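Down below is the structure, laid out as structure tokens.
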Amino acid sequence: MGATANLFSSAESEQHCWTSQQWHTLKQKYFEFTHDNTSGTEIMFTTRQRILTFVLIVVVTVREGDCQTVTTPSERALIEVLRSDAPAADKALACKHLAIFGSSEAVPELARLLTDEKLASWSRIALEAIPGAAADEALREATDSLKGNLLVGVINSIGVRRDAGSVDSLIGRLQDADAEVSSAAAVALGHIGNVAASQALRQALIGKSVNNRSAVAEGCVLCAERFLSDGNAAEAMAIYDEVQKSDVPRQRMLEATRGAILARGQDGIPLLLEVFQSPDKQLFQIALGTAREFPGNKLDQALAAEVARLAPDRAALLIQAMADRKETVQLPALLNAAAKGPTQVRMAAIVAVGRVGDATCVPYLLDIGIESDAELAVLARTALAELPDDQVNKDILVRLAKAEGKGHVLLLELAGMRRIEAIDELVKALNHSDKSVRNAALTSLGSTVPANKLSLLVSQVVSPKYAEDIPLAVQALKAASIRMPDRDACAMELAAAVENSPLATKIALLEILGVVGGVNALNTIGTSAKGSDPELQDVSSRLLGEWMTIDAAPVLLDLAKSGPANKYQVRALRGYIRIARQFTMPEQQRVEMCQIAFETARQPAEQKLVLEVLKRYPCPETLQLAVNARKIPEIKDEATQATLEIAQSLGSTAEELQELLSKDGLIKVEMEIIKAEYGAGSTQKDVTEILQKQASDYQLILLPSSSYNASFGGDAVPGTAKTLVIQYRINGKVGEATFAENALLFLPMPK
């Protein structure tokens, strides 16, 4: 029907400009659909239902000023779609929108779809969401006539709506011969969770039926959770205990164990500790999870004592759970475990202290940080670096002023790891007689020195007191330079240091400038590349060839054109070509760079690199450059191939390609295809005869299709990249060429 072809036409939709408060109300609808309206607890929707509900909430929203413009199909139009002979997809879409905008008026039409196997689930999504008694009644009535999966779906929806009026009907279904139906009824009763539902489920739990025992136990657990959330802990505890003692699947027993502990409140601690001692791994995992959600600080004291009773592997896991209780965690217990005991436990405790500790933990971790056990020491240093308390920095700074020995090195390292402003202490340590102290100070300066103190590290590179510190000083200066907010100012300071430094230092500073980048760094490196020192030429030309901004192109070109041909000029030209190949720039600029590169190149190798750039960026101008390159004898074959590939990329037909080369002097040859195979690995298809039929008196072979598979009668090796290998003879000389799948076939002239 035409009226249903477009649900969102202006004739069938309503436009609203909503205020912020109105929009807030609309968003609240999602919360209302997914939470119980009395207790506020979350309803156990399926993932599919949650996704669909959320999608509908945000349907067609456009922010305009202080309000939202929301296009909403009218309920009347949506109902008309359901009544029509529209396709199922349109009706499904209408159901989704009725979940948001529907009312009791839409219920009768939605109820009719409950018997439709294709649309039943869509109608139930709407019925689950529409408020009011009409939807409940429709679902209840449907249970009288439905069977199988359709009945199961309706029962599930009753559970989602927590319809207390359906309890009697659901209780009757607990004995249904269809196990799926009886199981759905049990779970739905659990979601409803009132006294009548719980009594029926508890009675069924001790019955003889085994078809739905898991679902009955699940329903009991759901009832218990409802009672517990409503403050009826005694009733919840009784149900959990009954499930625990019953012959139910293991998962239900585990769920009941968790609930039984939580329902007892603080009196559940002994039971939790008992579960921790169970040899059963799954029960132990339940205990860990329950400990994380158990309220109050009384449990933390019990957990601290429990660590000593457990095997090291379990104690380590318990410590992780203790650290997850950040509000009530017992730090002394964690510190005690970190200081002594099995290594596995100590390691877990050190990591835990790093997560939840404070300044009081610093001395303990410092002691561990200088222990002989390298693994523990590293963990302690990491924990010290991660301690969240701001007071930790002040503590470390105070200790650093009077530190000595191994502890001195560790505190210096921490200054860098925690980015502590300790310039005076770090500079003082640069003159220490112990190399390890100086190294720690240099590394931390690299992480913390501000821009106005960068000269401190520059001097350590240019004129160090200890020559052996130069490599680490260079690393520190590089780390600091990368951090500088003003790269050009940093480069200017480094460039000034280059002028008066020895060769080795110049090279180190140039390397740092290459990382810093910017105009000043580029000019300094460019000047060095044009100098007379071969080593500086080598380093500088390499750095320019790796430059990551387009402004290096003129510098590279200038270097490529200066002086006699040598490896540095070649390297510079290749760097220039790399910029043309890799960087984003206007098309005309790229064409000009390629033209200049052709004119500057002295060797075929670089000319071929330019051809690769042309193929990568096909346009009329790059096509003309490729055509012109065919006049260079050393690269004629490669230029012809590039010409064909560019022309093909621009949409040229086979005849146009042939004409293009003919006009440009493509010489006729005597061509013979000797053998041709297409495939991958050991699987090869002989396509000799096909290529022989397509061969002409030119080096270009035009296949019937641009697809090798289509031209050769099928895919030789599906799902695998293939190659075409051709053995041929041109003017009496034998050649062989390999082509990637679907590449243009231009056979090189045999040498």
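The values are calculated or read from the model by the stated rules, or taken from the named source; none is laboratory data. The model shown is predicted, which means the values in this text are computed figures rather than measured ones. Neighbour counts run over all protein chains shown; Cβ positions are idealised from the backbone, glycine included. Side chains included, ligands, DNA and RNA excluded: accessible areas come from the protein's heavy atoms. Shrake-Rupley method; radii C 1.70, N 1.55, O 1.52, S 1.80 Å.
Answer with yes or no whether Ala126 is more than 14 Å from Ala217 (Cα to Cα), touching a Gly at 6+ places or on another chain (Cβ under 6 Å), open to solvent by less than 30 Å² (accessible area, probe 1.4 Å) and touching a residue at least 12 places away in the same chain (Cβ under 8 Å). Break it down into steps so the answer makes sense when it comes.
On the way: more than 14 Å from Ala217 (Cα to Cα): yes; touching a Gly at 6+ places or on another chain (Cβ under 6 Å): yes; open to solvent by less than 30 Å² (accessible area, probe 1.4 Å): yes; touching a residue at least 12 places away in the same chain (Cβ under 8 Å): yes.
Here the answer is yes, as Ala126 does meet what is asked.
Is it the case, given these coordinates, that Ala94 is at pLDDT 90 or above, surrounded by 14 or more Cβ atoms within 10 Å (Cβ to Cβ) and farther than 20 Å from Glu141 by Cα? So that I can check it myself, show each step before the final result.
Details: at pLDDT 90 or above: yes; surrounded by 14 or more Cβ atoms within 10 Å (Cβ to Cβ): yes; farther than 20 Å from Glu141 by Cα: yes.
It is true that Ala94 is at pLDDT 90 or above, surrounded by 14 or more Cβ atoms within 10 Å (Cβ to Cβ) and farther than 20 Å from Glu141 by Cα.
Among the residues of region 728-742, how many are assigned to a strand (DSSP E or B) and open to solvent by 70 Å² or more (accessible area, probe 1.4 Å)? If you could, list the steps in order and put the result at the bottom.
So in region 728-742, the residues assigned to a strand (DSSP E or B) come out as 728-730, 733-740.
Applying the additional criterion that residues be open to solvent by 70 Å² or more (accessible area, probe 1.4 Å) yields 729, 733-734, 736, 738.
Going through region 728-742 one residue at a time, the tally reaches 5.
Being more than 14 Å from Trp122 (Cα to Cα) and part of a helix (DSSP H, G or I) is the filter; apply it to region 80-91 and report the residue that is least open to solvent (accessible area, probe 1.4 Å). I'd like the intermediate steps shown before the answer.
In the first step, residues of region 80-91 are kept if they are more than 14 Å from Trp122 (Cα to Cα); the result is 80, 83-86.
Now narrow it down to the ones that are part of a helix (DSSP H, G or I): 80, 83.
Values: Glu80: 85, Arg83: 139 Å².
Filtering region 80-91 for residues that are more than 14 Å from Trp122 (Cα to Cα) and part of a helix (DSSP H, G or I), the one least open to solvent (accessible area, probe 1.4 Å) comes out as Glu80.
Among the residues of region 330-351, which ones are among the β-branched types (Val, Ile, Thr), over 31 Å from the mean Cα position of the chain (by Cα) and buried (at least 21 other Cβ atoms within 10 Å of the Cβ)?
So the first thing to find is which residues in region 330-351 are among the β-branched types (Val, Ile, Thr), and the list is 343, 345, 350-351.
Those still in the list that are over 31 Å from the mean Cα position of the chain (by Cα) too: 343, 345.
Residue satisfying the conditions is Val345 alone.
May I ask you to list the residues in region 402-444 that are at positive phi and either outside any helix (DSSP H, G or I) or of a type in the set (S, T, N, Q) (or both)? Spell out the reasoning first.
Step one: list which residues in region 402-444 are at positive phi, which gives 405, 419.
Hit for region 402-444 is Arg419, nothing else.
Mind checking whether some residue in region 185-201 is assigned to a helix (DSSP H, G or I), within 22 Å of Arg258 (Cβ to Cβ) and open to solvent by 10 Å² or more (accessible area, probe 1.4 Å)?
Checking region 185-201: at least one residue is assigned to a helix (DSSP H, G or I), within 22 Å of Arg258 (Cβ to Cβ) and open to solvent by 10 Å² or more (accessible area, probe 1.4 Å).
One residue is enough: does region 650-670 have a residue meeting the conditions surrounded by 14 or more Cβ atoms within 10 Å (Cβ to Cβ) and modelled with pLDDT of 90 or more?
For region 650-670, residues surrounded by 14 or more Cβ atoms within 10 Å (Cβ to Cβ) and modelled with pLDDT of 90 or more: absent.
Yes or no: Ile319 open to solvent by less than 30 Å² (accessible area, probe 1.4 Å) and within 37 Å of the chain's Cα centre (by Cα)?
The answer is yes for Ile319.
Exactly one of these conditions fails for Val717: (1) open to solvent by 60 Å² or more (accessible area, probe 1.4 Å); (2) on the phi < 0 side of the Ramachandran plot; (3) at pLDDT 90 or above. Give me its number.
(1)
Counting only residues that are surrounded by fewer than 18 Cβ atoms within 10 Å (Cβ to Cβ) and assigned to a helix (DSSP H, G or I), how many does region 497-510 have?
Within region 497-510, residues that are surrounded by fewer than 18 Cβ atoms within 10 Å (Cβ to Cβ) and assigned to a helix (DSSP H, G or I) number 3.
For region 591-650, which positions are among the small types (Gly, Ala, Ser) and under 22 Å from Ala740 (Cβ atoms)?
Step one: list which residues in region 591-650 are among the small types (Gly, Ala, Ser), which gives 597, 601, 605, 626, 629, 639, 642, 647, 649.
Residues satisfying the conditions are Ala605, Ala626, Ala629, Ala639, Ala642, Ala647, Ser649.
Select, from Leu513, Leu536, Leu494, the only residue that is without any contact (Cβ under 8 Å) to a residue 60 or more places away in the chain, farther than 30 Å from Pro586 by Cβ and open to solvent by less than 10 Å² (accessible area, probe 1.4 Å). If you could, list the steps in order and put the result at the bottom.
Numbers: Leu513 fails: farther than 30 Å from Pro586 by Cβ; Leu536 fails: open to solvent by less than 10 Å² (accessible area, probe 1.4 Å).
None of the others qualify; the one that does is Leu494.
Tell me which of these Leu745 doesn't satisfy, since it passes every other one: (1) open to solvent by 10 Å² or more (accessible area, probe 1.4 Å); (2) under 45 Å from the mean Cα position of the chain (by Cα); (3) touching a residue at least 12 places away in the same chain (Cβ under 8 Å); (4) closer than 26 Å to Leu650 by Cα.
Every listed condition holds for Leu745 apart from (1).
Name the one entry in Lys465, Lys478 that is in a loop (DSSP other than H, G, I, E, B), under 20 Å from Thr505 (Cβ atoms) and open to solvent by 70 Å² or more (accessible area, probe 1.4 Å).
On the way: Lys478 fails: in a loop (DSSP other than H, G, I, E, B).
When all the criteria are applied, what remains is Lys465.
Show the residue pairs meeting these rules: Cβ distance below 6 Å; 6+ apart or different chains; first residue within region 694-715 and free of Cβ contacts under 8 Å to residues at least 24 places away in the same chain and farther than 14 Å from Glu741 by Cα; second residue aliphatic (A, V, I, L, M) and part of a strand (DSSP E or B).
Gln694/Ile701
Looking at Arg399, Arg438, Arg381, Arg418, which is the one that is of a type in the set (D, E, K, R), in contact with a helix residue (DSSP H, G or I) (Cβ under 9 Å, 6 or more places away or on another chain) and crowded, with 23+ Cβ neighbours inside 10 Å? Steps first, answer last, please.
On the way: Arg399 fails: crowded, with 23+ Cβ neighbours inside 10 Å; Arg381 fails: crowded, with 23+ Cβ neighbours inside 10 Å; Arg418 fails: crowded, with 23+ Cβ neighbours inside 10 Å.
It is Arg438.
Could you list all residues from region 402-415 that are open to solvent by 40 Å² or more (accessible area, probe 1.4 Å) and within 35 Å of the chain's Cα centre (by Cα)?
As a first pass, look at region 402-415 and keep what is open to solvent by 40 Å² or more (accessible area, probe 1.4 Å): 402, 404-406, 413.
Result: Glu413, single match.
If you check every pair at least six apart or on different chains, which have Cβ atoms under 9 Å apart with a residue in region 365-385 that is more than 17 Å from Leu334 (Cβ to Cβ) first and a residue that is among the polar types (S, T, N, Q) and modelled with pLDDT of 95 or more second?
Every condition considered, the pairs that remain are Asp373/Thr343; Glu375/Thr343.
Only one of these is open to solvent by less than 20 Å² (accessible area, probe 1.4 Å), under 35 Å from the mean Cα position of the chain (by Cα) and not small (Gly, Ala, Ser): Leu573, Leu559, Leu543. Name it.
Working: Leu573 fails: under 35 Å from the mean Cα position of the chain (by Cα); Leu559 fails: under 35 Å from the mean Cα position of the chain (by Cα).
The unique qualifying residue is Leu543.
Name the residues in region 214-268 that are under 19 Å from Ala287 (Cβ atoms), more than 42 Å from the chain's Cα centre (by Cα) and surrounded by fewer than 21 Cβ atoms within 10 Å (Cβ to Cβ), would you?
Listed by number, the residues that qualify are Asp241, Lys245, Asp267.
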